[in-house]
There are 2 protein chains.
Amino acid sequence: LHNLIILSKNFNDYINWLVVKNLPDLVISEATASPSEINPSLPCDILLGDPTLVVEVLHLLPGLRWYQSTWAGVEVLMRPGLRRDYLMTNARGVFGPLMSEFVFGYLLFIERRILERYQDQNNHLWNGKVTGSLRNKKLGLLGVGSIGAYIASTARHFGMQVKGYTKTSSSCVDVDEYFHEGELRKFITGLDYLVNCLPGTDETKGLVDASVLSWLPAHSVLINVGRGSSLDEQAVSEALFARQIAYAILDVFETEPLPFDHSFWNTPNLYITSHTAAPSFPSELAELFLENYQSFCDQRPLKYLVDFNKGY
Amino acid sequence: LHNLIILSKNFNDYINWLVVKNLPDLVISEATASPSEINPSLPCDILLGDPTLVVEVLHLLPGLRWYQSTWAGVEVLMRPGLRRDYLMTNARGVFGPLMSEFVFGYLLFIERRILERYQDQNNHLWNGKVTGSLRNKKLGLLGVGSIGAYIASTARHFGMQVKGYTKTSSSCVDVDEYFHEGELRKFITGLDYLVNCLPGTDETKGLVDASVLSWLPAHSVLINVGRGSSLDEQAVSEALFARQIAYAILDVFETEPLPFDHSFWNTPNLYITSHTAAPSFPSELAELFLENYQSFCDQRPLKYLVDFNKGY
């Protein structure tokens, strides 16, 4: 018999979904969006929830053996001093297609001159300017995890060339050319689009800095789908003001929501997407939870296990 | 020995490309953007060119055996009374990926609320509204030729369900369900997106009419990548004013450019793309020409042969 606590702002969706599935040997001890309702008397060996809520109750759940995160980003649970004596799985597989929609939605928005044509339309102007295209363009992926791999497959579908920068891995078949430590400049040079998919770790902090931005061509587009910490925000803003790069699309920020007087609001050619790149889809996360639950019961390895040493 | 005439607004690109390839046994008799420079004294068994220019010189080229169109749409050459005693090939294969960029660029523009977020950004507003997604949506293709098939493959990549409406064919592996004559209403009902890829023939004229539009759900999006004639423009405008459908994206029109006082400019939720959906890429067309030239010399069948009886 397993005891599950659900701690998520979408807890109702998860309950509804799990009730339908009627999982064998699973009892829901508690389901809530409020960490204050969790207390040590609740039996719990399995936890499903949002990292920023879960971090507040970890110390109250001594029996915890497996935690399924509802998000991809679990940095908050990597803080020094927090326990690491349980299996953590995160939501990697779910976000690839959604992040890919985000990336290609904005790349096509720019290439297809969608805003410009819309503005001309408002003035009854027939804008027949030749459209740009993704075809044969060079896309660079900073980090090629499950999200990066999905973006690479979409890029391949649209006839693009894909470069990947990773610590060591080189296993994604849709990446045409891999680069590793010491080859960052070679990786960046000549890119049409730079997509940052790096997790937020100490190693990646501020990796996209003024130097990296200065190596990009003036027509290039920067898209951040990783964590804000891997980007030097000040450097990105300066690169846009100086027209060192053509556009940037930023989804996550050091401070959220962005304060009303933040300079990013007035930075030219910057699109702010207000942390909406990866919507959460409880049904898909619930599918992942189910798959992992069956593995957990059968003592098989879990999918998307987080390595506490790597931080992702 | 073969004699080629190039008649295209991009004739310079084609010359440059063909000179590099140095095709065996091929002589360029003339290359121009002006039909008036073509006269019957020019030897010509092969013609490469834009349909609206070619239609003016067809009668001057008795020796013509094969014409490679630089466009997909060749309606102008289907007019009654024009000769049909030559092989015509068109530019089908080239446009699939480009049309797919167009379709998915606009679908993502809408789903991702890109315009709304941009407008909020101008007011320093953090717009964290949940984004829409293509995932699990139903896309219907009116016509599944090479362009439709490519759009189907992109839809599949983004996790969508694909319905196809065709005269008889049902060969595209990325279409989940096919519909044929007599099943139009069943095909349309429940679609999230309707993509019209029909060629401009007598049979397809005005097919997307008030009835078809009334069967679409109120949240649906209509995208036209086919010829304007298969769409009842007045009915589309009325459906948008009446909010029978949520959005329409139209690229080609009965009258182009649209007159300044045309009602489409003020139609709500309509995006006008001013005949830019498929940019012409002379290098890719030249590749197709080369492939067909080799087949022509070897007396093998040509790729993308137009059937004068069908009109495409």
Inset, instruction - Could you check how many residues of segment A:143-154 are within 11 Å of chain B (Cβ to nearest Cβ) and of a type outside the set (Val, Ile, Thr)? - result: 2
Inset, instruction - Please specify each residue of segment A:73-99 satisfying the condition of being within 12 Å of chain B (Cβ to nearest Cβ) and modelled with pLDDT of 95 or more. - result: none
Inset, instruction - Run residue B:249 past the list (1) open to solvent by 10 Å² or more (accessible area, probe 1.4 Å); (2) within 13 Å of another protein chain (Cβ to nearest Cβ); (3) within 21 Å of the chain's Cα centre (by Cα) and report the number of the one that doesn't hold. - result: (1)
Inset, instruction - Working only within segment B:265-312, note down all residues that are within 14 Å of chain A (Cβ to nearest Cβ), open to solvent by less than 20 Å² (accessible area, probe 1.4 Å) and at positive phi. - result: B:274
Legend entry - Qualifying residue in segment B:28-37 (condition: open to solvent by 10 Å² or more (accessible area, probe 1.4 Å), touching a residue at least 40 places away in the same chain (Cβ under 8 Å) and among the small types (Gly, Ala, Ser)): no
Inset, instruction - Please enumerate the residues belonging to segment B:100-142 that are open to solvent by less than 10 Å² (accessible area, probe 1.4 Å) and more than 8 Å from chain A (Cβ to nearest Cβ). - result: B:103, B:107, B:139, B:140, B:141, B:142
Legend entry - Flag for residue B:76 being free of Cβ contacts under 8 Å to residues at least 60 places away in the same chain and open to solvent by 20 Å² or more (accessible area, probe 1.4 Å): yes
Inset, instruction - Scan segment B:208-218 and give yes if some residue there is touching a strand residue (DSSP E or B) at 6+ places or on another chain (Cβ under 7 Å) and under 23 Å from residue A:154 (Cα atoms), otherwise no. - result: no
Legend entry - Those residues of segment B:170-184 which are in contact with a helix residue (DSSP H, G or I) (Cβ under 8 Å, 6 or more places away or on another chain) and under 17 Å from residue B:230 (Cβ atoms), in sequence order: B:179, B:184
Legend entry - Conditions (1) open to solvent by 30 Å² or more (accessible area, probe 1.4 Å); (2) at negative phi; number of the one not met by residue B:22: (2)
Inset, instruction - Could you pull out the residue among B:132, B:145, B:128 that is over 19 Å from the mean Cα position of the chain (by Cα), at pLDDT below 95 and under 18 Å from residue B:194 (Cα atoms)? - result: B:132
Inset, instruction - Name the one entry in A:158, A:187 that is at the interface with another protein chain (Cβ under 7 Å from one of its Cβ atoms) and either of a type in the set (Gly, Ala, Ser) or surrounded by fewer than 24 Cβ atoms within 10 Å (Cβ to Cβ) (or both). - result: A:158
Inset, instruction - Look at residue A:70 and say whether it is farther than 30 Å from residue A:139 by Cα and hydroxyl-bearing (Ser, Thr, Tyr). - result: no
Inset, instruction - Those residues that are assigned to a loop (DSSP other than H, G, I, E, B), within 29 Å of the chain's Cα centre (by Cα) and free of Cβ contacts under 8 Å to residues at least 24 places away in the same chain, I need them from segment A:1-25; list them, please. - result: none
Inset, instruction - Could you tell me whether segment B:230-250 includes any residue that is touching a residue at least 60 places away in the same chain (Cβ under 8 Å) and more than 16 Å from residue B:138 (Cα to Cα)? - result: yes
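The values are calculated or read from the model by the stated rules, or taken from the named source; none is laboratory data. Because the structure is predicted, anything quoted here is derived from the model rather than measured. Glycine gets a Cβ as well: all are built from the backbone with ideal geometry, and neighbour counts include every protein chain shown. Accessible surface areas use protein heavy atoms only, side chains included; no ligands, DNA or RNA. Shrake-Rupley method; radii C 1.70, N 1.55, O 1.52, S 1.80 Å.
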